[in-house]
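> Before we start, here is the structure in question, set down as structure tokens.
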Amino acid sequence: MGAEIFLIVVGLIILLVAGDLLVRGAVGLAAALNVPALLISLTIVAFGTSAPELVVSVQAVLSGSDGIALGNIIGSNVANVFLVLGLPAIIYPITTHVIGLRRHAVFMLAATAAFAGAAYYVGYIDTRMGAALFGGIIIYVAYMWFRASHGGNEPIIDEVDEYLEASSISAKTLLFLAAGLVGLPLGAHLLVTNGAAMAAGLGVRDELIGLTIVAFGTSLPELATVAAAAVHKKSDVAIGGIIGSNIFNLLAVGGAAGLAGKATFDAASLSVDIPVMILASLILSAFVLTRRDIGRLSGLFLFGAYVGFIIALAKLAGGI
């Protein structure tokens with residue numbers, strides 16, 4: 001069991017580092033080829049920052065551990081709201097007074113409804129459902145492109161400068177690309193293989209590993225970003241990224257998992273995991289739609305909800 005835990009941690013570290021290097025290399029290459037910054041932000045940065053979750057979910061489905069794939073998607077969205085927003089809000093209130101944010105909150109609700117619809121009315125995500133979900137992310141990116149290219153303010157779009165290392169093709173850029181392309185599947189393989197082995201050894205469902213260890217690990221970059229924004233009292237730039245991350249998890253990662261194979265929702269996911277994910281989306285949307293800041297008390301509530309969710313999962317797993 002100790003070996004599996006160690007290799008899971010190693011896999012997570014490789015995933016996170018490789019994902020960051022891939023984005024930096026791809027952004028540098030695109031900038032050197034004079035690709036517009038807006039297009040870089042909407043495609044390379046947006047999809048690249050979700051690469052760890054996407055590669056893990058695809059690898060999990062291909063290896064027959066589709067529970068890890070679905071648990072990763074659901075758990076990441078729960079962690080993004082309850083943990084990633086809740087913990088930093090205790091440090092400094094997170095404002096929702098961001099122009100254009102409410103449109104994206106509505107889109108997040110629609111994406112959540114589509115994913116939940118696949119779970120409750122179909123029971124699985126296959127090639128057809130995967131294509132439908134992935135089609136949703138294409139529509140979403142096209143919408144942001146249209147808005148941003150016509151002068152609209154889009155809070156979801158990441159800053160390209162954060163990842164820009166050089167404006168010309170260099171050995172460093174190519175090295176970043178290569179490291180990312182090699183590291184992502186390697187990290188995903190370590191994570192999925194040892195996660196499945198750990199679940200089997202503990203006698204628990206694969207989804208539990210995806211909901212906890214994998215989801216928490218892949219949410220660490222977002223947690224670090226939002227916490228840093230809270231410390232510097234610039235939390236308004238963080239909440240848009242969380243909403244965007246949730247949308248990409250549901251549509252891009254969920255869609256890619258379906259296109260890779262078939263992922264079936266189990267009874268526990270339908271009765272516990274997905275309702276909590278829906279609740280998290282509703283709570284976040286309520287803050288955004290009513291323009292109510294996430295203050296310290298609300299942050300404590302959100303963080304407490306995440307702790308409660310993990311405790312509930314442990315009890316359902318038989319005290320793990």
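> Which is more than 24 Å from Val106 (Cα to Cα) and either surrounded by 24 or more Cβ atoms within 10 Å (Cβ to Cβ) or touching a strand residue (DSSP E or B) at 6+ places or on another chain (Cβ under 7 Å) (or both), of Ile209, Ile239?
Within the list Ile209, Ile239, the selection yields Ile209.
> Please go through (1) farther than 18 Å from Leu190 by Cα; (2) at pLDDT 75 or above; (3) of a type in the set (A, V, I, L, M, F, W, C) for Phe47 and return the number of the only condition it doesn't satisfy.
(2)
> Considering Ser245, Ser298, which residue is at pLDDT 85 or above, in a helix (DSSP H, G or I) and under 19 Å from the mean Cα position of the chain (by Cα)?
Ser245
> Which of the residues spanning the range 263-309 are more than 20 Å from Leu83 (Cβ to Cβ) and touching a strand residue (DSSP E or B) at 6+ places or on another chain (Cβ under 6 Å)?
Residues satisfying the conditions are Ala263, Thr264.
> Do you know which residues across the range 242-276 are closer than 22 Å to Ala224 by Cβ and not aromatic (Phe, Trp, Tyr)?
Ile242, Ile243, Gly244, Ser245, Asn246, Ile247, Asn249, Ala252, Val253, listed by residue number.
> Look at the range 166-175 and say how many of its residues are modelled with pLDDT under 85 and in a helix (DSSP H, G or I).
4
> Continuing with this model, one more query. Answer yes or no: is there a residue in the range 251-269 that is without any contact (Cβ under 8 Å) to a residue 24 or more places away in the chain and either buried (at least 23 other Cβ atoms within 10 Å of the Cβ) or of a type in the set (Ser, Thr, Tyr) (or both).
No, the conditions are met nowhere in the range 251-269.
> Can you tell me which residue within the range 1-34, out of those that are free of Cβ contacts under 8 Å to residues at least 40 places away in the same chain and not hydrophobic (A, V, I, L, M, F, W, C), is farthest from Ala178 (Cα to Cα)?
Top of the filtered list is Gly2.
> Considering the range 291-306 alone, what residues qualify as being surrounded by 13 or more Cβ atoms within 10 Å (Cβ to Cβ) and among the aliphatic types (A, V, I, L, M)?
Within the range 291-306, Ile294, Leu300, Leu302, Ala305 qualify.
> Go through the range 69-100 and give me each residue that's within 24 Å of Arg296 (Cβ to Cβ) and within 18 Å of the chain's Cα centre (by Cα).
Matches in the range 69-100: Asn77, Val78, Ala79, Asn80, Val81, Phe82, Leu83, Val84, Leu85, Gly86, Leu87, Pro88.
> Would you call Ser269 farther than 30 Å from Gly123 by Cα and in a helix (DSSP H, G or I)?
no
> Check off (1) under 17 Å from the mean Cα position of the chain (by Cα); (2) among the aliphatic types (A, V, I, L, M); (3) surrounded by 16 or more Cβ atoms within 10 Å (Cβ to Cβ); (4) modelled with pLDDT of 85 or more for Ile156 and give me the number that stays unchecked.
(4)
The values are calculated or read from the model by the stated rules, or taken from the named source; none is laboratory data. Everything numeric here is computed off the predicted structure, so don't read it as measured data. Every residue, glycine among them, receives a Cβ derived from its backbone with ideal geometry; neighbour counts consider all protein chains shown.
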